[in-house]
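No value in this document is a laboratory result; all are computed from the given coordinates. All of these numbers come straight from a predicted model, not from anything done at the bench. Cβ coordinates were reconstructed from backbone atoms using ideal geometry, including for glycine residues, and neighbour counts include every protein chain displayed.
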Amino acid sequence: MSQAALAAVDRTLAALADPHRRRVVELLAERPRPAGELARALELSPPAMSRHLKTLRASGLVEESHPEFDARVRIYALRPEPMVHLLRWLEESERLWSEQLAAFKAHVEKGA
């Protein structure tokens, strides 16, 4: 995996380390939502929600858009790319662990 992809995984994992941000991702997986709706769903103040959304935007997990009818409203939606990098990293890690466990099993069985 490239250094850029690994850096993206680091940003994704750092953003997902907070339970409020994980809940935002779960809600946005259902559909895009305005910031106020997310804040009410998580029972967070608007400034607290803003900080979480800023972190999620910086990680690349979410993007914001403005509806044509009101530029003051911000709608947040998930971006798939960061999760693709995370999934690839997890698959690679699983493969490495499987190889290590198979080698350990062969070693134990050889000694028995």
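Each 10 Å bin, from zero up to the one with the longest distance, holds this percent of the alpha carbon pairs of segment 56-107: 22, 26, 20, 15, 10, 5, 2. With contacts taken as Cα pairs under 8 Å and at least 6 residues apart, the chain reaches a relative contact order of 28 percent.
Taking other residues whose beta carbon is less than 14 angstrom from the beta carbon of GLU81, and scoring Lys, Arg as +1 and Asp, Glu as -1, yields +3. The HN-Hα couplings worked out from phi for segment 33-44 by the Karplus form 6.51 cos²θ - 1.76 cosθ + 1.60 (θ = phi - 60°) are 9, x, 4, x, 5, 5, 4, 5, 5, 9, 6, 10 Hz, whole numbers, x standing for Gly and Pro. In order along segment 75-81, the Karplus-derived 3J(HN,Hα) couplings, from 6.51 cos²θ - 1.76 cosθ + 1.60 at θ = phi - 60°, round to 10, 10, 9, 6, 10, x, 4 Hz, and Gly and Pro are given as x. Could you tell me how far the Cα centroid of segment 8-24 sits from the Cα centroid of segment 45-112, in Å? Result: 7 Å between the Cα centres.
The phi torsions of segment 9-15, fed into the Karplus equation with coefficients 6.51, -1.76 and 1.60 and a -60° offset, translate into couplings of 5, 4, 5, 5, 5, 5, 5 Hz, rounded to whole numbers, with Gly and Pro shown as x. Each residue of the chain gets 126 Å³ once the volume of the Cα convex hull is shared out per residue.
One decimal place: the segment ALA41-ARG74 gains 10.3 nm when fully extended, by the rule 0.36 nm per residue minus the C-alpha distance. If the elastic network links every pair of Cα atoms under 10 Å, which of ARG11, ARG21, ARG72 fluctuates the most in the Gaussian network model of the chain? Highest fluctuation of the listed residues: ARG72.
Simple point charges give the picture: +1 on the Cβ of Lys and Arg, -1 on the Cβ of Asp and Glu, and for the chain a dipole about the Cα centre of about 260 debye.
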